[in-house]
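Bear in mind that the values in this text are calculations on the coordinates, not laboratory data. The structure displayed is predicted, hence computed values, not measured ones. Positions of Cβ are backbone-derived with ideal geometry, glycine not excepted, and every protein chain shown enters the neighbour counts.
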Amino acid sequence: MKSVISYTLSHCQKCLKCLKVCPTEAITIVQERVHIDSRRCINCGHCIEVCNTQGLQGKGSTLVDLDNYDYTVALLPSALFSCTKNAKEAAQLVEAIRRLGFDEVVEMSAIEGAIQHRVKQRIKDAVMHPLISSFCPVVNRLIRLRYPMLLDRLLDLDYPNEIAADLIRTQRTGKGKVGIFCFCECVSKLQLARYPYGNRHSQIDHAVSIGDHFPLIRALKDNEASSIELCRSGLESASLHHDALKGLKVLEADGQDKVQQVLELAEFGQLDQFDYLSLSFCINGCIGGRLLWGNPFEAELHLKKLLETAKKPAVDEDLIPFGSHQEESVSDLLTIQEKLKLFEKVNEVMEKLPHFDCGACGFASCRNMAENIATGKRKLTDCRVLRNDEVKK
Amino acid sequence: MKMEFQVARDDYLSAGKVSSQIKQTLKQIGYPNELLRRMAVACYEAEINMIIHSYGGTIRLLIEEDGRIQMIFSDTGPGIADLEQAMTPGFSTASEKAREFGFGAGMGLPNIQRVSDHFDILTSHEGTTLTLGFELDP
């Protein structure tokens with residue numbers, strides 16, 4: 001998976017805020033420039049949030065590619081509707097997006113609803129509990145990197161927008177070259193499509209940032225509304241509350257701190273009394289996605305209002321296939337003995353470093369710096385604190 | 001490589017801290033997942049046992065050059081009165097206070113034995129020493 005965070009040198013104030021906030025130490029400053037390690041970046045977008053000068057951004061596809069297809073479909077995840085106050089406004093949003101130039105707009109709530117039923121079935125069939133939700137790309141990457149012991153607890157269900165795109169493609173045969181554009185509510189979902197980040201396994205052609213198109217959508221919006229009906233369980237899956245999973249012991253955790261605390265405990269086997277861990281890196285679930293123009297709390301109110309009239313049934317759950325995400329696995333090149341030697345070498349270097357984690361060397365922590373010294377990529381004299389002590393002597 | 005940690009009696013609020021550090025270390029080194037999971041569960045249960053039942057003690061982590069791991073949990077008493085009973089799933093002598101914190105289900109020692117490759121326990125009224133071994137290819 002690639003990092004979707006783009007960097008603009010001319011906007012960067014070298015404030016080191018991004019370095020400090022990154023949960024996986026994916027950011028380093030090399031020769032006064034921000035460098036993002038794709039192998040470590042989980043696309044959470046925290047660095048974008050703390051950057052005051054738009055030096056870091058998460059951009060999706062543009063709509064110029066609409067012309068390259070015979071038939072174009074806009075895919076709308078339920079989370080987008082949390083930006084609308086009621087069902088009428090939701091229908092106006094759908095119409096405005098159609099006017100961007102699409103032949104068809106598909107809102108996903110009925111598919112997302114069916115996925116929730118699939119989740120329930122999987123939890124009931126499972127021998128080992130708890131299972132872990134597989135719908136937040138940030139959490140999935142975090143587990144892969146930091147909590148690999150829990151990998152086999154992840155649900156074997158793909159991302160809802162991927163499942164939806166697959167269904168649409170099979171149902172629209174005979175329409176020529178079909179182009180599926182998914183409007184994303186968070187930066188991490190931008191990586192899932194074929195464009196712009198090159199995930200060749202995907203059934204989604206283009207990932208589009210809903211936030212970047214907001215001004216245009218607003219300009220196109222008027223009283224005319226598409227006739228849509230929303231599905232309750234699908235809408236709910238965009239937040240933390242899942243009526244569809246009633247009767248099961250579900251632990252819902254949102255935001256970085258809670259999610260990490262839950263994963264730590266799960267590794268010790270201390271959450272085995274739960275059936276399911278529903279995890280979302282954004283506050284309040286996908287409705288807290290940072291590409292949406294509202295805030296996560298207002299979004300929750302809006303969603304409640306929408307639920308009052310959401311009567312559409314979910315699609316037949318047999319349409320939803322099981323199967324995990326396509327992810328390239330990182331191969332283990334070193335033997336455990338070699339890993340131990342390296343670890344001890346890093347520890348030896350650590351003893352010489354100040355343990356301040358000041359970031360002045362360009363690495364987020366002294367440990368990160370020590371790893372680079374141990375592998376010969378940096379020298380002890382690159383530590384600014386040590387160098388300062390040397391000068392004082 | 002050796003690491004040593006102290007565990008204090010009745011320090012329920014620090015429960016799991018040593019295990020977290022050990023787990024973090026083993027992850028940093030890069031042990032395989034299946035082994036990590038067994039070591040994490042064993043270490044956590046044994047640490048909790050020390051807090052609930054003992055007068056405090058030390059946890060030592062020994063890593064051999066070939067990658068094999070030993071964890072040694074030694075406390076200063078009061079020892080386990082009936083080891084056979086203690087090894088029976090569901091049997092517990094945990095205090096009311098420990099149970100209030102959600103501990104003391106009586107699965108500690110049986111669980112530890114289940115997930116470790118070598119299990120050795122010595123106990124007298126002067127203290128208990130639990131030695132656990134983990135192999136790379138058991």
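Helix B:17-29 axis versus longest C-alpha principal axis of chain B: approximately 10°, rounded to the nearest ten. Between 0 and 90 degrees, rounded to the nearest ten: what's the tilt of helix A:87-98 against the longest Cα principal axis of chain A? In chain A, helix A:87-98 runs at an angle near 80 degrees to the longest axis.
Counting only Cβ charges, +1 for Lys and Arg and -1 for Asp and Glu, the dipole size of the protein assembly as shown around its Cα centre is about 1620 debye.
Placing +1 on each Lys and Arg Cβ and -1 on each Asp and Glu Cβ, with no other charges, gives region A:1-58 a dipole about its Cα centre of roughly 60 debye.
Per residue, the convex hull spanned by the Cα atoms of the protein assembly as shown measures out at 179 cubic angstrom.
When shorter helices are ignored and each DSSP H run of at least 4 residues is given -39500 (n - 2.57), the per-residue value for chain A at 222 nm works out to -10000 deg cm²/dmol. Eigen-decomposition of the gyration tensor built on the alpha-carbon atoms of region A:1-58 gives equivalent ellipsoid semi-axes of 16, 12, 11 angstrom, largest listed first. For A:Thr72, the amide hydrogen comes within under 5 Å of the amide hydrogens of A:Asp103, A:Glu104, A:Gly179, counting only partners 5 or more places away or on other chains and with H modelled in the peptide plane. Selection among A:Asn295, A:Ile132, A:Leu251 by position relative to the dipole of chain A gives A:Asn295 as farthest towards the positive end (Cβ unit charges, Cα centre). With R₀ fixed at 41 Å, the C-beta to C-beta distance from B:Met3 to A:Lys59 puts the FRET efficiency at about 0.35. Projected onto their three principal axes, the Cα atoms of region A:335-393 cover extents of 42, 22, 18 Å, largest first.
Centroid-to-centroid, using Cα positions, region A:78-157 and region A:197-212 are 15 Å apart. The mean number of Cβ atoms from other chains found within 10 Å of a Cβ in peptide B:33-41 is 4, as a whole number.
Against chain B, whose longest principal axis is taken from its Cα atoms, helix B:33-53 shows a tilt of about 30°. Counting only DSSP beta bridges with both residues in chain A, tell me the antiparallel percent, nearest 5. Antiparallel: roughly 25 percent of the beta bridges in chain A.
For region A:78-157, the residue among A:Leu155, A:Leu100, A:Phe81 whose Cα projects farthest onto the positive side of the dipole built from Cβ charges is A:Leu155.
Here the peptides B:18-30, A:197-209 are ranked by packing, the mean other Cβ count within 10 Å, and the order with the highest first is A:197-209, B:18-30. Region B:53-87 and region B:8-50 have Cα centres lying 13 Å from one another.
Once Rg and the Kirkwood radius are both taken over the C-alpha atoms of region B:2-134, their ratio Rg/Rh works out to 0.94. Farthest toward the positive end of the dipole of chain A, out of A:Val64, A:Gly176, A:Cys286, is the Cα of A:Val64, where the dipole comes from beta carbon charges about the Cα centre.
The charge dipole of region A:335-393, taken about its Cα centre with unit charges on the Cβ atoms of Lys, Arg (+1), Asp and Glu (-1) only, comes to about 180 debye.
Within 10 Å of the Cβ of each residue in A:332-344, the mean number of Cβ atoms contributed by other protein chains is 4.
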